[in-house]
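Report on the following structure.
The values are calculated or read from the model by the stated rules, or taken from the named source; none is laboratory data. Bear in mind that the values here come from a model prediction, so they are computed numbers and not experimental data. Every residue, glycine as well, gets a Cβ built from its backbone with ideal geometry; the counts of neighbours run over all protein chains shown.
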Amino acid sequence: MSADIAIRIENLGKRYRYGGVSPLSYSLRQDITDWLKGLFRRPQQPGGTRSVASEAPARHETLHEVHERHLNESPEYFWALKDINLEIKQGEVLGIIGRNGAGKSTLLKILSRITPPTTGKITYNGRIASLLEVGTGFHRELTGRENIYLNGSILGMKRAEITRKLDEIIAFAEVEKFIDTPVKFYSSGMYVRLAFAVAAHLEPEILVVDEVLAVGDAGFQRKCLGKMGDIVKKGRTVLFVTHNMGAVSSLCRHCIWLDQGQLQMLGQSESVIERYLKSGRPEARPSLSVRTDRSGTGEVRLVDCQVTRTPDGSPVYDFRTGDDLYILLTFEAEKETDAYIGVRIKDGMGRVISSFHSREIGFEPTIPSGQSRFVLHVPSLPLLEGHYSVDGSATKVSNAMPLDQIEDIVAFTVYPNDCFHTGSPFRAYHGIAFLPHEWHHPNGFRFRAELKQNSSRTEVQTIIHSTEGLL
C-alpha cells in the first residue's frame, strides 16, 4: 500500500443474525455437512443434466464456496455492511452520513478493531484511536488519570509522552476535580468529555469519531469541532460520523453516503449531502410501513406521510417561501389509543428548525383503530430556500411511552420567492426563516411586513400600517 493511503478497505462485509449471534460451531458444522454431502452427490451440469464424457466434467463446490452460498442464502441473517471498497488518503477528513441503521457505526467498529468483518479486509497505515459509544475504551474501575495512561499505552505511546499531554487533556475535558475518581462514577457528559480529550490529544495518525459528541452540551460540541479542526490542520486522518450536515460541510472536503449497508455515493461533501437529502423524498425511499429504523412499542405506527399545498391536494415536494404547507400523517393503530402527535422540521444540516407537538398546546387526539389521517397546517411557510426533512412521532398520553418514532419520513425543498415584489427574493444567506416585523418611522408611521396568502394562494403581500390606519 502506498504511503499516501491511510486506510484501504476491500470487499468489506459484516453479517449479523436476526435475534442474536449463532454459535460459530453451528454454522461451520452446517457448511461442512453440506460440503460432504456434495462430495457423494453425482455432479450436475447447469439445468440438472448429467455430465457426459464429451463435455468437461462438472466439479463439486469447495468448502469456501459452500460457506459463501450459505452466507448469501440464509434467511436468518442480514448484512449490516456489504461490498464496501474505499481508499482514504493520509490527512483526509472523511464524513460518513446516512440514516439510522445504514451501517455507519458498524463500519467504525470494524475500523476500530472492536468487531471483526465477516468478509473482506482492511489495511492501515498508522495508529488509530476511536471515540464511539460512551464507555468504549475505558476501564470503569480505573480513575480518569489511569485511563489516560491506559489508552496512551494501547496507542503505543511511552509514559513520558503521555505525561507531557496530561495537563492539556485534563483541562480540555474540564474534569480537574474528578481526575482521580474512578470513571464509573462519572456522568455521561464527563465521560464523553474525557474520552474525546484522550482520543484527540494523544496524537494518533487516524482518529475515528462517531456521533457520541451529541452527549455533550452545545458549548462542548463547539469545542470538540474546533479541536477536530486543529487535528485536520496537522494533517491527520479523521473519519467522522454525524447527522449534522453543517459539521460535515465545514470539516470534510469529501464524504460517503451509506444506505442499507451499501456505499451509495462518494464525492465532494456538498454534492453527496444534496443527493442524500433528496433521497428522503417518498419516490426515493421505501414505504414507511416497511421501514425498520424506528423505535416505540408499535401499538401505533406511522405508515404514510405526504406534504401538500392544500389539505386534500396531491403530494408536492417543491415549495416557495410563503406557500401554505400541509403535512398529512397516516397512522395505523391496533386499537383506539389516546396519543400525542409530534412533528419536527429539520434543515439540510440536520438542525431542528421547528417542532410541533400536540402536548404543548393541550391537544390529546384519540387515534382510532385501523388507519386514520391527521393534518398539520403551517400557513404562509416562513422558511427560506433550502432542503428540509420531517420527523414524526406518536406518544401515549397515559405514561409518555413512545408508540412510534421515525426520522426523515418525507423531504421537501423550498425555493426563493420575491415575496414583496422588490426584485430581491429571499435567499439562504438571509437566514433560515422570514419573521413578521414592523419598522417605526420617527414621524409616527409603522411599516409592517408579514406573509399573507391572496386568493390564488400562491402570492404574498406586504401590509403597511401608519398611526392613522392601514395605508
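Table for the structure above
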read-out	value
Residues of the stretch 317-370 that turn out to be more than 25 Å from the chain's Cα centre (by Cα) and assigned to a loop (DSSP other than H, G, I, E, B), as a count	13
Filtered residue count, the stretch 395-429, keeping only those that are at positive phi and of a type in the set (Asp, Glu)	1
The stretch 254-280 - residue that is crowded, with 17+ Cβ neighbours inside 10 Å and at pLDDT below 80 and, of those, nearest to Gly229 (Cα to Cα)	Leu277
Unmet criterion (only one of (1) touching a residue at least 40 places away in the same chain (Cβ under 8 Å); (2) in the same structural domain as Glu92 (by TED's automatic domain parsing)) for Asp347	(2)
Subset of the stretch 76-105 that is surrounded by 19 or more Cβ atoms within 10 Å (Cβ to Cβ) and of a type in the set (Lys, Arg) - its residue that is farthest from His254 (Cα to Cα)	Lys82
Cross-chain or 6+ apart pairs with Cβ under 6 Å, the stretch 242-265 first and in contact (Cβ under 8 Å) with a residue 40 or more places away in the chain, then among the acidic types (Asp, Glu)	Thr242/Glu211
Inter-residue pairs, beta-carbon under 6 Å, first within 13 Å of Val375 (Cα to Cα) and in the stretch 318-333, second in a loop (DSSP other than H, G, I, E, B), 6+ apart	Asp324/Arg309; Asp324/Pro379; Leu325/Leu381; Tyr326/Pro311
Qualifying residue in the stretch 396-408 (condition: modelled with pLDDT under 85 and assigned to a loop (DSSP other than H, G, I, E, B))	no
Residue under evaluation Leu251, criteria (1) crowded, with 18+ Cβ neighbours inside 10 Å; (2) of a type in the set (A, V, I, L, M, F, W, C); (3) farther than 21 Å from Arg351 by Cβ, criterion not met	(3)
Set Tyr317, Tyr340, Tyr326: member being modelled with pLDDT of 90 or more, within 16 Å of Val414 (Cα to Cα) and hydroxyl-bearing (Ser, Thr, Tyr)	Tyr326
Complete set of residues in the stretch 382-395 that are outside any strand (DSSP E or B) and within 22 Å of the chain's Cα centre (by Cα)	none
Residues of the stretch 97-116 classified as among the hydroxyl-bearing types (Ser, Thr, Tyr) and modelled with pLDDT of 90 or more, total	1
Enumeration of residues in the stretch 423-465 that are in a loop (DSSP other than H, G, I, E, B), among the basic types (Lys, Arg) and at pLDDT 75 or above	none
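Here is a yes/no grid of residues against (1) among the charged types (D, E, K, R); (2) in contact with an Asp or Glu (Cβ under 8 Å, 6 or more places away or on another chain); (3) at pLDDT below 90:
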{"site": "Leu28", "(1), (2), (3)": "no, no, yes"}
{"site": "Asp34", "(1), (2), (3)": "yes, no, yes"}
{"site": "Leu63", "(1), (2), (3)": "no, yes, yes"}
{"site": "Asn85", "(1), (2), (3)": "no, yes, no"}
{"site": "Leu94", "(1), (2), (3)": "no, no, no"}
{"site": "Thr118", "(1), (2), (3)": "no, no, no"}
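Rundown of residues vs (1) of a type outside the set (Asp, Glu); (2) farther than 24 Å from Arg294 by Cβ, yes/no style:
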site	(1), (2)
Tyr77	yes, no
Ala80	yes, no
Asp83	no, yes
Glu87	no, yes
Val93	yes, yes
Lys104	yes, no
Lys109	yes, no
Tyr124	yes, yes
Leu131	yes, yes
